Amino acid sequence: MSTAGTFGAVRPLSRGLAVRRPRYGEMAIKATLAACAFLSVGTTIGIVISLLEPTIEFFADVSVVEFFTSTEWSPLFADPKFGVLPLVTATLVITGIALAVAIPIGLLSAIYLSEYARPRVRNFLKPTLELLAGIPTVVYGFFALTFVTPLLQDLWLFGEPPGIYNAASAGLVMGIMIVPTIASLSEDAMSAVPRSLREGSFALGGTRLTTSLRVVFPAAISGIVAAIVLGFSRAVGETMIVLIASGLQPNLSFDPAEAMQTMTSFIAAAGQGDQPTGSTGYKTIFAVGTALFVVTFAVNLVSIRLVRRYRQAY
């Protein structure tokens, strides 16, 4: 094919208008990305399938009402009790303490890194902060047991001091562990806010603090909510810190000075192979795992709705 030029001359079509050859490299990359996406979905489906059958068999032997309403948990004793409420309460208490520590520290760190720190300082502090996420959780657990717990025993002001194993030290150290998650993701969300919004606030007489709290923070709220929910999920699923520092005593209490057993610490303790495969005690591991999965799944669904509702595109 050809086309006429300005003076009637005939010239071939430009290379840009010619039919392009298939780009096999790009097709391979797309196929790889799609495979990774389907792999993650398939992994989730596999987890559900692995939990579902033993959980159904467990509830064939144990009443659902007893499992969710009874206040005693001793499934591995001679006279077993299957009330999961002590484990759920301990999980929520320790996670609440962790979030009470991590959210203020993480968000204030994000505001400083995004709005106040100079580029050189930010480039040094952010990787240093993220190093906390790379410390093995077993190290955090022994830190809570050998350092934080004695410190709390000396400084406790709310009645009886904590024992060797307690929820307070586990929650405090777990909060330190998830600070990098909340701080880093929140700083990324705040840094993505357009510069024009800040300049508009400064033009109206806003201070740096006012701009950070009333302009940048609300504009980045969807990313901040996602960071907090990710930190919550990390805290709920943490095992080694609570296994070492909070003890293995099922205790329906909201007193952080007492020893408690969370859902993850029970799974870790009961999954060491002491229970015969197929027994009711063995199936409790899957029942508690299913309850934990449902909790985290529900929180993620709520977070997705919140993020979609408050998301702002620029």
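The values are calculated or read from the model by the stated rules, or taken from the named source; none is laboratory data. Computed from a prediction, not measured in an experiment: that's the story for all the values here. Cβ sites come from the backbone with ideal geometry, for glycine too, and all protein chains shown count toward neighbours.
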Checklist line | Every residue from segment 54-76 that is loosely packed, with under 13 Cβ neighbours inside 10 Å, of a type in the set (A, V, I, L, M) and more than 29 Å from the chain's Cα centre (by Cα) | finding: ALA60, VAL65
Margin query: Just checking, does segment 245-261 include any residue being assigned to a helix (DSSP H, G or I) and at pLDDT 90 or above?
Written below: yes
Item checked: Those residues of segment 115-140 which are in contact with a Leu (Cβ under 7 Å, 6 or more places away or on another chain) and either in a helix (DSSP H, G or I) or at pLDDT 90 or above (or both), in sequence order -> ARG122, LEU125, LYS126
Margin query: Pull out all pairs, ordered by first then second residue, where Cβ-Cβ is under 9 Å, the residues are six or more apart or on different chains, the first lies in segment 217-229 and is outside any helix (DSSP H, G or I), and the second is of a type outside the set (D, E, K, R) and buried (at least 20 other Cβ atoms within 10 Å of the Cβ).
Written below: ALA220/ALA110; ALA220/SER114; ALA220/SER186; ALA220/ALA189; ALA220/MET190; ALA220/VAL193
Check: Got a number for residues in segment 221-242 being surrounded by fewer than 20 Cβ atoms within 10 Å (Cβ to Cβ) and in contact with a Phe, Trp or Tyr (Cβ under 6 Å, 6 or more places away or on another chain)?
Finding: 2
Item checked: Complete set of residues in segment 184-220 that are of a type in the set (Val, Ile, Thr) and either touching a Cys at 6+ places or on another chain (Cβ under 7 Å) or buried (at least 18 other Cβ atoms within 10 Å of the Cβ) (or both) -> VAL193, THR211, VAL215, VAL216
Item checked: Residues of segment 259-297 satisfying the condition of being over 25 Å from the mean Cα position of the chain (by Cα) and crowded, with 21+ Cβ neighbours inside 10 Å -> LYS283
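For (1) among the β-branched types (Val, Ile, Thr); (2) on the phi > 0 side of the Ramachandran plot; (3) at pLDDT 90 or above; (4) in a helix (DSSP H, G or I), each residue gets a yes or a no:
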{"residue": "ARG11", "(1), (2), (3), (4)": "no, no, no, no"}
{"residue": "MET27", "(1), (2), (3), (4)": "no, no, no, yes"}
{"residue": "ALA90", "(1), (2), (3), (4)": "no, no, yes, yes"}
{"residue": "LEU113", "(1), (2), (3), (4)": "no, no, yes, yes"}
Next item on the list: Might you let me know whether segment 144-164 holds any residue that is modelled with pLDDT under 90, among the acidic types (Asp, Glu) and in a loop (DSSP other than H, G, I, E, B)?
Entry: yes
Item checked: ALA287 modelled with pLDDT of 90 or more, farther than 29 Å from PHE142 by Cβ and of a type in the set (A, V, I, L, M) -> yes
Next item on the list: Could you list, in sequence order, all residues of segment 108-136 that are of a type in the set (Val, Ile, Thr), surrounded by fewer than 17 Cβ atoms within 10 Å (Cβ to Cβ) and in contact (Cβ under 8 Å) with a residue 12 or more places away in the chain?
Entry: ILE135
Check: Before we move on, is GLU238 at pLDDT 85 or above, of a type in the set (D, E, K, R), more than 27 Å from THR55 (Cα to Cα) and not in a helix (DSSP H, G or I)?
Finding: no
Next item on the list: Please specify each residue of segment 139-170 satisfying the condition of being in contact (Cβ under 8 Å) with a residue 40 or more places away in the chain, loosely packed, with under 14 Cβ neighbours inside 10 Å and over 14 Å from GLY247 (Cα atoms).
Entry: PHE158, GLY159, GLU160
Next item on the list: Six or more apart or on different chains, Cβ under 6 Å: which pairs go from a residue in segment 42-55 that's of a type outside the set (S, T, N, Q) to one that's modelled with pLDDT under 90 and surrounded by fewer than 12 Cβ atoms within 10 Å (Cβ to Cβ)? Could you list them?
Entry: none
Next item on the list: Please tell me if LEU252 is without any contact (Cβ under 8 Å) to a residue 60 or more places away in the chain and surrounded by fewer than 19 Cβ atoms within 10 Å (Cβ to Cβ).
Entry: no
Next item on the list: Being over 30 Å from the mean Cα position of the chain (by Cα), touching a residue at least 12 places away in the same chain (Cβ under 8 Å) and either under 18 Å from ARG309 (Cβ atoms) or part of a loop (DSSP other than H, G, I, E, B) (or both) is the filter here, so list the residues in segment 193-216 that pass it.
Entry: none
